[in-house]
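Before any comments, here is the structure.
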Amino acid sequence: MLRQGNHRLVPGPDEWEKWCIKGLSDSALSLILDLHNYKVMNSKFPGDIKDMWLTYMHKRGIRTDLSNYCGLVLSNFLANSPMMWLNYKLVPYVAKLNVIPETQVAMQQGVQTCDVMSYLVSVKCYTEHHHQMVYALQCDQMKGFDYLAPSGFYDALKAYRFPDAICDLDKAAQKQTKAYIHTAYGVTGPIVIDRLTKQGGPLSPIKSTLTTSLGHRYLDNLASTDPGALIMTMKAWKANDVHTPNDCIQVRVTMVEATDDSYLFAITLTTLQKLCLEAERFHTCMGG
């Protein structure tokens, strides 16, 4: 796990840098490993390990405009290590079980954005070749990493029958976290943050993807019985002139996602409107 990701991370309140921990001896690392295992096995974060620093960084434009700054959260290595370990183990496990829908590019090992573009081009070629009118709607899910309710992640774990220990560990990591704001006039008192999915955290991508996968599969179930859904088939199948097994292949295209950007497909405006409404309802319920 120490070999993964950025080795030059900015240290948090504990001032432990990842590259320093990586270079420790086996005897020193055993102490860190014992504390790491304690948190994982008991779902507890002792002391002030979860305390964070809140600061800001100038991005662009004039420096007197606060909208040109972005906030940064600096957390302790010991607070992040259990979540990094969970993400390191959970991502390949999810891929092995095919939990994430195939048309979601995020968290798919070996899949790139160009693969989604190729898939969309295939849909376009199908519509032109078969003279099929297809309606597509681009949706930008406003409930992204930073507005996503943790309950959606827990519902997804329950639906996919993952161990309850994952929920317990995540709840312990998000419960009653103190954040100290660093300003030009000094450090403020602590702000207690409870049950908030932090953008940029180790589990943010997988939590968002698992949550939205429930909505993706929900729309697939609705489209399976809707005559207005887009189903790509061979011309031979429509003409009852089937010669090979490949002529019987049917592909239902309901939703294509790239993290929090998505496209909805249908052959009628009524079906497209229905899918869009249900998607908005889902994200409203799962939002923070």
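The values are calculated or read from the model by the stated rules, or taken from the named source; none is laboratory data. Model, not experiment: these values are computed from the prediction. As a convention, Cβ positions derive from the backbone with ideal geometry for all residues, glycine included, and neighbour counts pool all protein chains shown.
If a residue must be surrounded by 12 or more Cβ atoms within 10 Å (Cβ to Cβ) and free of Cβ contacts under 8 Å to residues at least 12 places away in the same chain, how many such residues does the range 27-55 contain? Outline the logic, then answer.
If we filter the range 27-55 for residues that are surrounded by 12 or more Cβ atoms within 10 Å (Cβ to Cβ), which is where we start, we get 29, 32-33, 35-40, 42-45, 48-55.
From the residues that got through so far, the ones that are free of Cβ contacts under 8 Å to residues at least 12 places away in the same chain too are 29, 33, 37-38, 42.
Qualifying residue count for the region: 5.
Only one of (1) at pLDDT 85 or above; (2) farther than 22 Å from TYR119 by Cα fails for ALA239. Which number is that?
Here ALA239 meets the rest and fails (1).
Would you please name the residue that is modelled with the lowest pLDDT, looking only at residues in the range 178-199 that are of a type in the set (Val, Ile, Thr) and surrounded by fewer than 17 Cβ atoms within 10 Å (Cβ to Cβ)?
Ranking the candidates gives THR183 first.
Restricted to the range 56-89, and to residues that are surrounded by fewer than 16 Cβ atoms within 10 Å (Cβ to Cβ), in contact with a strand residue (DSSP E or B) (Cβ under 8 Å, 6 or more places away or on another chain) and among the hydroxyl-bearing types (Ser, Thr, Tyr), which residue is nearest to LYS175 (Cα to Cα)?
Step one: list which residues in the range 56-89 are surrounded by fewer than 16 Cβ atoms within 10 Å (Cβ to Cβ), which gives 56-72, 88-89.
In the following step, the residues that additionally are in contact with a strand residue (DSSP E or B) (Cβ under 8 Å, 6 or more places away or on another chain) were identified as 56-59, 68-72.
Then drop every residue that is not among the hydroxyl-bearing types (Ser, Thr, Tyr), which leaves 56, 69.
Numbers: TYR56: 23, TYR69: 27 Å.
Across the range 56-89, the extreme among qualifying residues is TYR56.
Which of (1) without any contact (Cβ under 8 Å) to a residue 24 or more places away in the chain; (2) closer than 27 Å to ALA279 by Cβ; (3) small (Gly, Ala, Ser) is the odd one out, the single condition SER208 does not satisfy?
(1)
Here are some conditions: (1) out of contact with any His (no Cβ under 9 Å at 6 or more places or on another chain); (2) of a type in the set (Phe, Trp, Tyr); (3) closer than 22 Å to ILE181 by Cβ. TRP53 meets all but one. Which one does it not meet?
Result: TRP53 fails condition (1) only.
How many of the residues in the range 108-121 are surrounded by 13 or more Cβ atoms within 10 Å (Cβ to Cβ) and touching a residue at least 60 places away in the same chain (Cβ under 8 Å)?
3
List every residue pair whose Cβ atoms lie under 6 Å apart, where the two residues are 6 or more positions apart in sequence or sit on different chains, the first residue falls within the range 158-175 and is in a loop (DSSP other than H, G, I, E, B), and the second residue, located anywhere, is not polar (S, T, N, Q).
What qualifies is TYR160/VAL99.
Looking only at the range 200-229, which residues are loosely packed, with under 15 Cβ neighbours inside 10 Å and either assigned to a loop (DSSP other than H, G, I, E, B) or touching a Gly at 6+ places or on another chain (Cβ under 8 Å) (or both)?
GLY200, SER224, THR225, PRO227
Which one of these does CYS285 not meet: (1) assigned to a helix (DSSP H, G or I); (2) at pLDDT 90 or above?
(2)
Hey, among LYS171, LYS175, LYS207, which residue is out of contact with any helix residue (DSSP H, G or I) (no Cβ under 8 Å at 6 or more places or on another chain) and at pLDDT 85 or above?
From the options LYS171, LYS175, LYS207, the qualifying one is LYS175.
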